[in-house]
Amino acid sequence: MLTPCSMQHFPSDGIQMITPDLRGTDGSSGITLLAEELPERSSASAIAGREGADRGPELIAFTKVSLDVYRAPVLRDLDWRLAAGNAVGIVGANGAGKTTLLHLAASAYRPASGTALVLGADLAGPPPSEVRRAICLIGHHSALYPQLSLAENLRFIAELHGRPPSMADAALQAVGLARAADRQVGRCSQGMVKRAELARAVISQPTLLLLDEPHAGLDPEARELVDFLISGVRERAGAAVVVSHDRELLAPLVDEVLELRDGRLSPVPGFG
């Protein structure tokens, strides 16, 4: 079972600069956040293990993967490779299986057949905890506890990842929620909750960032945070997968766009 924080963790080596320039729903201005120096941990290359001839390590390697959900076929003989340092967009009709594909990449499902490797772990069985901690999935439904405040949620996440409480507070300020830190999540607007969700990735510094409609609920000024998070994971030799219906917003963020149709992925002409 996935916990709110079970899928995030990839500390940067040394010092990580975080510099979003945003204005929050609470009226606070963007800041420059300097994360504390972090202990050295495994790199993306060490976690993934495999490398292509002309690319970095493969963080996702799916071969002939099929997956059924409630006995309904969703993915069929799907092949997919995602190398470190890359960002890919996923588009497709409603019900095509885009969210299911992200959940598979997050290790929430096991494939019915084929081989699915994520960060070097075979999803045929439970992946190691270090792999699940290296993945951050931000989806349609919030992973925050509604009865806790924004600050309590993020400090809990920071503690799970060995971060100081001050990093949670700074992440809230970076996404424009510092003045609302003590507000219960259940009493926050959709836009505020989405900002807090993105703050999870600021804290956890994942190797694999999975975003499902990340712009939904965000005001135009806050959309820059999505770009910032994707750029950050790529600079750390990680990778990002972004599902979106808005191809205009998606195109500048990714290297290629793939369409999920009939359970398989295919390149969208004009991208990549």
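Couple of notes before you dig in:
- Residue within the stretch 112-123 that is crowded, with 20+ Cβ neighbours inside 10 Å, among the hydroxyl-bearing types (Ser, Thr, Tyr) and within 16 Å of Thr63 (Cα to Cα) present: no
- Across the stretch 223-272, the number of residues qualifying as modelled with pLDDT of 90 or more, among the basic types (Lys, Arg) and within 17 Å of the chain's Cα centre (by Cα) comes to 2.
- Being among the acidic types (Asp, Glu), under 28 Å from Glu235 (Cα atoms), at pLDDT 95 or above and surrounded by fewer than 20 Cβ atoms within 10 Å (Cβ to Cβ) is a property that holds for Asp79.
- Counting only helices (runs of 4 or more DSSP H) that fall entirely inside the stretch 171-251 and contain at least 3 residues that are touching a residue at least 40 places away in the same chain (Cβ under 8 Å), the qualifying elements are 190-204, 223-235.
- Scanning the stretch 233-253 for residues that are of a type outside the set (Asp, Glu) and closer than 16 Å to Leu59 by Cα yields Val233, Arg234, Arg236, Ala237, Gly238, Ala239, Ala240, Val241, Val242.
- Residues being more than 26 Å from Ile60 (Cβ to Cβ) and surrounded by 19 or more Cβ atoms within 10 Å (Cβ to Cβ) - total across the stretch 194-217: 2
- The stretch 83-115 - residue that is in a strand (DSSP E or B) and under 14 Å from the mean Cα position of the chain (by Cα) and, of those, nearest to Gly238 (Cα to Cα): Ala87
- Complete set of residues in the stretch 120-139 that are assigned to a loop (DSSP other than H, G, I, E, B) and either farther than 18 Å from Val233 by Cα or free of Cβ contacts under 8 Å to residues at least 24 places away in the same chain (or both): Leu123, Ala124, Gly125, Pro126, Pro127, Pro128
Here is a yes/no grid of residues against (1) in contact with a Ser or Thr (Cβ under 8 Å, 6 or more places away or on another chain); (2) of a type in the set (Lys, Arg); (3) crowded, with 21+ Cβ neighbours inside 10 Å; (4) in a helix (DSSP H, G or I):
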| residue | (1), (2), (3), (4) |
| --- | --- |
| His141 | no, no, no, no |
| Tyr145 | no, no, no, no |
| Leu154 | no, no, yes, yes |
| Asp169 | no, no, no, yes |
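The values are calculated or read from the model by the stated rules, or taken from the named source; none is laboratory data. The shown structure was predicted, so the numbers you read here are calculated from the model rather than taken from an experiment. Don't worry about glycine lacking a Cβ; one is built from the backbone with ideal geometry, like all the others, and counts go over all protein chains shown.
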